[in-house]
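So the structure is just underneath, and the comments pick up after that.
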Amino acid sequence: MESFTSATDAVAGSVTLSALLGLVPLLVFFLLLAFAKTKAYVAGGLALLSALVIAVFGFGMPAGLALLSATQGAAFGLFPVVWIIIMAVWLYQVTVLSGRFEDLRRVFDAVGGGDLRVQAILVAFCFGGLLEALAGFGAPVAITVTMLLALGIAPVRAASAVLVANTAPVAFGALAIPITTAANLTDYTGEEIAAVVGRQTPLLAVFIPLVLLFILDGTRGLRDCWPVAVATGVVFSVAQFLCSNYFSYELTDIIASLLAMAAAVGFLRLWHPRNGQEAGARMSRELAEARASGWSPSGAGSADVGTAAGDTAADRLTPGRAWMALFPYVLVIAVFGIVNLWTWGINIPETLAKTIIEIPWPILHDALLDANGERLSSTVYDFEWLISPGTLLLISGLIVALVYSRFDDGGRYPLSPGNAVREIGRTAVRLRSAALTILAVLALAYVMNFSGQTVSIGTWLAGTGAFFAFLSPVLGWIGTAVTGSDTSANALFAKLQETAGAQAGIDPKLMVAANTGGGVMGKLISPQNLAIGAAAVNMSGQESVLLRKVVGWSVGLLLALCVIVFLQSTPVLGWMLP
């Protein structure tokens, strides 16, 4: 098959026309999802079809290569992305099948002062941030949204809250891989880029717990619980700034999340939220209304979640039961921490990295060339069969199932390993529509990337001169919205940001950091994340509902970041930069 090199001006020799045509698949997807209210996998499929037609007839890509690009994207969507989602939901199902999730609710009831809104902040913001720091790839959303469901929060609110909470840690997520990726593609070190990002995204992260309160309980939630939300957000943001600038940027989210959780728990020792019972009653009614309308949690998690008021003497927590309820999540943190951080005696991350199987995608790897005639490294598919977050969640879940079956408290918590393993198949079947959506979306992303559509959009935006400082985060936003990954957005646009910044007379390092920060906001509306959130609350096919709930927050936060970056490019806030 003939080779192909993408061009940013493929359409009539015009970058503008190429970019506008390249935007069509994204518009098709979001318009179908938000206004036509089609199922997400249908919208994804039609958007993919439009991207293929544009790649072939607009950007001159051979049809065979366009189709092969889609297959590589779908393969990546299947593994690791769908694999992670299935394993994350399955781990939750293991705890539900055993009956231990009721005890976890009681643990958060005690830690959160009996207030569901505060418990949700601890789970979605603090614990979710920790999972994002260790795993990423949608695992934090899939795990924490099921936890919020089990606490008694209605599905749409639970998914919306988790999607918004997942914005705060994304820039430094998965051991700051997005920043490391940007550093590898530019002339800056990870420390240099992280120092600038640490002076941008924390300015917004400080407000995220307050946004969560509003999503969960409107202005009443803000009035009743704002002190603990402010304390949590401030500690998280200050820790992000200090760690990214003066300690280790790879550990930023781990330290920030742990300190924020400790701060929230400590604050609740001195102060108690108001009207917690009334808020719990409102949320219980909303959950009951969702059930009455025909909704139910996925799988075995359909049992009603109790409340502290309904607990009998036999239900009261003991230290042993509290530990067993927390055990799955402590184990997940330990497993991910060892795999990603353990270097004492034996360098486990380095050793396990050798298990990655690199697969040059057939035909595509030899046919897609860059401007220098070299093969694209992105056409090599990395099969991370052992160190994928999904595999690590499988290992964690099997250990949990064995421990739970061994310590069942005289039959109080019945779970057999065989039933736990069979639940994997049941979970996969329930998530099939979400899987189709993700496969379509990742196939779409790869077609747009390899054909040149995505880079054309970026190059077009980069041609705006000094105003590019304002638009710079939009590139990261678009890149992450398309691919579902801030790392991928940096892989696409980091070098372009550096070059465009230098041409416009703007600090290139600021532009690279802005790309990372913009990707944080794009994560919120990424079709991949929407599909994960919808699947976790058993609303697959209704991603449009979640999109309408969160798109305003995504755009609002993006505009705020655009203003911050623009002012940082001027003397007004230029003093903030290192």
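The values are calculated or read from the model by the stated rules, or taken from the named source; none is laboratory data. This is a predicted model, so every value here is computed, not measured. Cβ atoms come from the backbone with ideal geometry, glycine included; neighbour counts cover every protein chain shown.
Does any residue of the range 172-179 turn out to be among the aromatic types (Phe, Trp, Tyr), more than 18 Å from GLY479 (Cα to Cα) and within 22 Å of the chain's Cα centre (by Cα)? Taking every residue of the range 172-179 in turn, none turns out to be among the aromatic types (Phe, Trp, Tyr), more than 18 Å from GLY479 (Cα to Cα) and within 22 Å of the chain's Cα centre (by Cα).
Is it the case that the range 484-491 has a residue that's among the aliphatic types (A, V, I, L, M) and under 20 Å from LEU577 (Cβ atoms)?
no
Out of curiosity, is GLY301 under 22 Å from PRO155 (Cβ atoms), in a loop (DSSP other than H, G, I, E, B), at pLDDT below 85 and not hydroxyl-bearing (Ser, Thr, Tyr)?
no
Of the residues making up the range 140-161, those that are more than 22 Å from LEU203 (Cβ to Cβ), in a helix (DSSP H, G or I) and at pLDDT 90 or above are PRO155, VAL156, ARG157, ALA158, ALA159, SER160.
Could we say that GLY22 is small (Gly, Ala, Ser) and at pLDDT below 95 here? So GLY22 passes the test.
Could you tell me which of the residues LEU369, LEU364, LEU402, LEU392 is surrounded by fewer than 18 Cβ atoms within 10 Å (Cβ to Cβ), touching a residue at least 24 places away in the same chain (Cβ under 8 Å) and not charged (D, E, K, R)? Residue meeting the stated conditions: LEU369. Of the helices (runs of 4 or more DSSP H) entirely within the range 504-578, those holding at least 2 residues that are within 20 Å of ILE179 (Cα to Cα) and either at pLDDT below 95 or touching an Asp or Glu at 6+ places or on another chain (Cβ under 9 Å) (or both) occupy 508-522.
Whether a residue is modelled with pLDDT under 90 and crowded, with 18+ Cβ neighbours inside 10 Å was assessed, and LEU68 does not pass this test.
Pick from PHE207, PHE241: which is farther than 21 Å from SER160 by Cβ, at pLDDT 95 or above and among the aromatic types (Phe, Trp, Tyr)?
Residue meeting the stated conditions: PHE241.
The selection criterion, being farther than 30 Å from TRP323 by Cβ and without any contact (Cβ under 8 Å) to a residue 60 or more places away in the chain, holds for LEU49.
Cβ separations smaller than 6 Å between residues 6+ apart or across chains give the following pairs from the range 536-556 residues that are farther than 22 Å from TRP83 by Cβ to residues that are of a type in the set (Ser, Thr, Tyr): LYS549/SER160; VAL550/SER160.
Hey, among LEU496, LEU492, LEU475, which residue is surrounded by fewer than 24 Cβ atoms within 10 Å (Cβ to Cβ), more than 12 Å from GLY73 (Cβ to Cβ) and among the hydrophobic types (A, V, I, L, M, F, W, C)?
Checking each option against the conditions leaves just LEU496.
Looking across THR201, THR186, one residue alone is within 21 Å of the chain's Cα centre (by Cα) and hydroxyl-bearing (Ser, Thr, Tyr). It is THR201.
Can you tell me which residue in the range 90-104 is farthest from THR391 (Cα to Cα), limited to those that are assigned to a helix (DSSP H, G or I), out of contact with any Gly (no Cβ under 8 Å at 6 or more places or on another chain) and not β-branched (Val, Ile, Thr)?
Ranking the qualifying residues of the range 90-104, first place goes to ASP103.
Please verify whether LEU78 is out of contact with any strand residue (DSSP E or B) (no Cβ under 6 Å at 6 or more places or on another chain), in a helix (DSSP H, G or I), touching a residue at least 12 places away in the same chain (Cβ under 8 Å) and surrounded by fewer than 21 Cβ atoms within 10 Å (Cβ to Cβ), treating the condition exactly as stated. Judged against the criteria, LEU78 is a match. The residues in the range 224-265 that are part of a helix (DSSP H, G or I), farther than 15 Å from VAL170 by Cβ and of a type outside the set (A, V, I, L, M, F, W, C) can be counted, and the count is 6.
Among the residues of the range 165-182, is there at least one that is in a helix (DSSP H, G or I), among the polar types (S, T, N, Q), free of Cβ contacts under 8 Å to residues at least 40 places away in the same chain and on the phi < 0 side of the Ramachandran plot? Within the range 165-182, none of the residues are in a helix (DSSP H, G or I), among the polar types (S, T, N, Q), free of Cβ contacts under 8 Å to residues at least 40 places away in the same chain and on the phi < 0 side of the Ramachandran plot. Within the range 422-451, the residues that satisfy the criterion of being β-branched (Val, Ile, Thr) and surrounded by 15 or more Cβ atoms within 10 Å (Cβ to Cβ) are ILE424, THR427, THR437, ILE438, VAL441, VAL447.
Restricting the first member to the range 465-487 and to residues that are within 16 Å of ALA560 (Cα to Cα), and the second to residues that are among the charged types (D, E, K, R), the beta-carbon pairs closer than 8 Å and six or more apart or on different chains are GLY476/ASP486.
In summary, TYR404 fulfils each of the numbered conditions (1) at pLDDT below 90; (2) touching a Lys or Arg at 6+ places or on another chain (Cβ under 9 Å) with the single exception of condition (1). Residues considered: GLY517, GLY522. Of these, the only one that is touching a Ser or Thr at 6+ places or on another chain (Cβ under 6 Å) and under 23 Å from LYS37 (Cα atoms) is GLY522. Within the range 187-223, the set of residues being of a type in the set (Gly, Ala, Ser) and assigned to a helix (DSSP H, G or I) comprises GLY190, ALA194, ALA195, ALA205, GLY218, GLY221. Condition first: crowded, with 22+ Cβ neighbours inside 10 Å and of a type outside the set (Val, Ile, Thr). Now tell me which residues in the range 200-220 satisfy that. Across the range 200-220, the qualifying residues are GLN200, PRO202, LEU204, ALA205, PRO209, LEU212, LEU213, LEU216, ASP217. When each of VAL28, VAL53 is tested for being at pLDDT 95 or above, in a helix (DSSP H, G or I) and closer than 14 Å to GLN453 by Cβ, the lone residue that passes is VAL53.
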